[in-house]
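Just below is one structure, and these are the notes that go with it.
The values are calculated or read from the model by the stated rules, or taken from the named source; none is laboratory data. Quantities reported herein were computed from a predicted structural model and do not represent experimental measurements. Backbone-built Cβ (ideal geometry, glycine too); neighbour counts: all protein chains shown.
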Amino acid sequence: MHKFLIPLLAVSLFSLANANDTVTKRQQLMKQLGGIGKQFSDGVDVATANKLGGDMQRIANELKTLFPKGTSEDEVKTPANGAKAKIWAESDKVMAIFDKLAQNGGKIATAKTMDEAGAIFKANGGETCKACHDVYRTKL
Ligand code: HEC
């Protein structure tokens, strides 16, 4: 019997560790998005804005891969996380918001002036961060 149980236990411990890492990783990326927002609000030149837009785009695309099944706030307790189960019930909508964030990042990355970059940045907060957080995130 042990022959079967030991590998089974090893596999489930492995996926638990993976789920924890996934949560940590997505929280780090979200913090980076917060940092990008702060830099923008503090004021940046267009070259920096372009770079930050590229970062936003890359982070948005990476975040799309960091909400696998089994990592909601009810399922992973260490670290505590704020991903509502609704994310998985409406994953098409959630992925579409991340796509919008990636698109906005791409537009900021190629903006020619700060007026242009700033306008996209300003709209982005409501269109993506807030649109998602209001429905899909529990603030820790
Ligand atoms: C499509 C959904 C979605 C979008 C878009 C989104 N977030 Fe989040 N955000 C979440 C979820 C879900 C969590 C909770 C994740 C967790 O705890 O695992 C979160 C958590 C955070 C956190 C807390 C991280 C931590 O350490 O606990 C910050 C900061 C944050 N987001 C900033 C942003 C900013 C800034 C933007 C926009 C530029 C943004 N987010 C866009 C869904 C989103």
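List pairs: first in region 52-65 and closer than 10 Å to residue 29 by Cβ, second at pLDDT below 95, Cβ under 6 Å, 6+ apart or cross-chain?
Between residues of region 52-65 that are closer than 10 Å to residue 29 by Cβ and residues that are at pLDDT below 95, there is no close pair.
So which of 107, 122, 86, 112 is within 19 Å of residue 31 (Cα to Cα) and among the basic types (Lys, Arg)?
Exactly one of 107, 122, 86, 112 is within 19 Å of residue 31 (Cα to Cα) and among the basic types (Lys, Arg), namely 122.
Counting only residues that are touching an Asp or Glu at 6+ places or on another chain (Cβ under 8 Å), over 12 Å from residue 61 (Cα atoms) and touching a residue at least 24 places away in the same chain (Cβ under 8 Å), how many does region 79-103 have?
5
Would you mind stating whether residue 65 is in a loop (DSSP other than H, G, I, E, B) and modelled with pLDDT under 95?
When the stated conditions are applied, residue 65 does not pass them.
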